[in-house]
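The values are calculated or read from the model by the stated rules, or taken from the named source; none is laboratory data. Predicted model only: the values in this text are computed from it and were never measured. As a convention, Cβ positions derive from the backbone with ideal geometry for all residues, glycine included, and neighbour counts pool all protein chains shown. Surface areas here come from the heavy atoms of the whole protein model, side chains and all, with no ligands, DNA or RNA. Shrake-Rupley method; radii C 1.70, N 1.55, O 1.52, S 1.80 Å.
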Amino acid sequence: MKSLSCTNRECPLSGKAASGRIVRHGFYRTRWGRRRRYRCRTCGKTFCANTGTPYHRLQHRRVTFDEVAALSVEGLNKSAIARVKRISWNTVDRWLERAADSCHRFNNRSITGLAVEELQADEIRTIVGGKQQPIWIFVSIDVWSRLWPATVVGRRSYQNTLTLFRDVANCMNIVRFPLIATDGFEFYEKVVRRVFGPACLYGQVIKTRRNARVARVERRIRLGTAWRWEQAWRDSEDSAKLNTSFIERLNLTIRQGSAYLSRRTLCYARRRERLEAHLELLRCYYNFVRPHGR
């Protein structure tokens, strides 16, 4: 019981290790058997081990809940999951909302103190509600660890670009200024200068396409001297030249892992909040569960 903490937010022990203050308080019955109940000696509130988790008051087996979340981040839509697991669509929708909310809190709590040396950013275009409402997903990746630290959903604007890089900077432990690579979107350079200053290394990779194929790749150095770039390439374990290949691979992984973002899909998000929630679930799965090969 050393790992348990009081779930009452008004209790002084809420969210803290409460060794000796949390005691056993009998059992309660469910259709799957008996479950242990606990009591906090400080505030007197009782709770179970599932309180404050997505499993709280779950009327199905926990493994079924986990399988629904796993199928969702592997690209299945809610209707397909409901048919495969033989549960209602509304139940799947409610469970995924619970899982996304829990993943959002876990992401904010766990992704801190990053030592980012090489950062890449890009945008994904999709629709919400209809083809008349295009929306953009700003994504970033720490190249060395393959960590997806932050994402922003909204218009392709200066403010959303700034929010993305500020979110990345807030979870970083800036020991040295990172090497940053993006595409040629007009606001990236302004935001990088504002958030990281002129001391970082920043470059753009601009691709010209003809007939849906890349015809030319142009690399532009925007911040940093030549000798600093040469030193950065020597120190890098992943890149030998300016590129955005890692963020583009992450974009493909995101599209494959979300039914909302698959090309030519009927399962686009009806509301922006649903898309943001699923991206939080997918980001947690990608960062902490999905195996990564280097």
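Some notes on this structure:
- Screening Gly129 on (1) closer than 30 Å to His56 by Cα; (2) out of contact with any helix residue (DSSP H, G or I) (no Cβ under 7 Å at 6 or more places or on another chain); (3) in contact (Cβ under 8 Å) with a residue 60 or more places away in the chain shows it passes everything except condition (1).
- Hits in segment 212-235 (condition: open to solvent by 70 Å² or more (accessible area, probe 1.4 Å) and either part of a strand (DSSP E or B) or β-branched (Val, Ile, Thr) (or both)): Arg213, Val214, Arg216, Arg219, Arg220, Ile221, Arg222
- Test result for Gly257, more than 21 Å from the chain's Cα centre (by Cα) and either at pLDDT 95 or above or surrounded by 18 or more Cβ atoms within 10 Å (Cβ to Cβ) (or both): no
- Among the residues listed as Val92, Val68, Val84, Val23, the single one being aliphatic (A, V, I, L, M), free of Cβ contacts under 8 Å to residues at least 60 places away in the same chain, in a helix (DSSP H, G or I) and loosely packed, with under 15 Cβ neighbours inside 10 Å: Val84
- Qualifying residue in segment 182-198 (condition: at pLDDT 90 or above, closer than 30 Å to Leu71 by Cβ, open to solvent by 10 Å² or more (accessible area, probe 1.4 Å) and of a type in the set (Lys, Arg)): no
- Residue-level analysis places Val116 among those that are part of a loop (DSSP other than H, G, I, E, B) and either out of contact with any His (no Cβ under 7 Å at 6 or more places or on another chain) or touching a residue at least 24 places away in the same chain (Cβ under 8 Å) (or both).
- Exclusive hit being touching a residue at least 40 places away in the same chain (Cβ under 8 Å), within 20 Å of Val139 (Cβ to Cβ) and not aromatic (Phe, Trp, Tyr), set Ser245, Ser262: Ser262
- Pairing each residue of segment 45-59 that is among the aromatic types (Phe, Trp, Tyr) with any residue that is open to solvent by 30 Å² or more (accessible area, probe 1.4 Å) and part of a loop (DSSP other than H, G, I, E, B), provided the two are 6+ apart or on different chains, yields C-beta distances under 8 Å for Phe47/Thr7; Phe47/Asn8.
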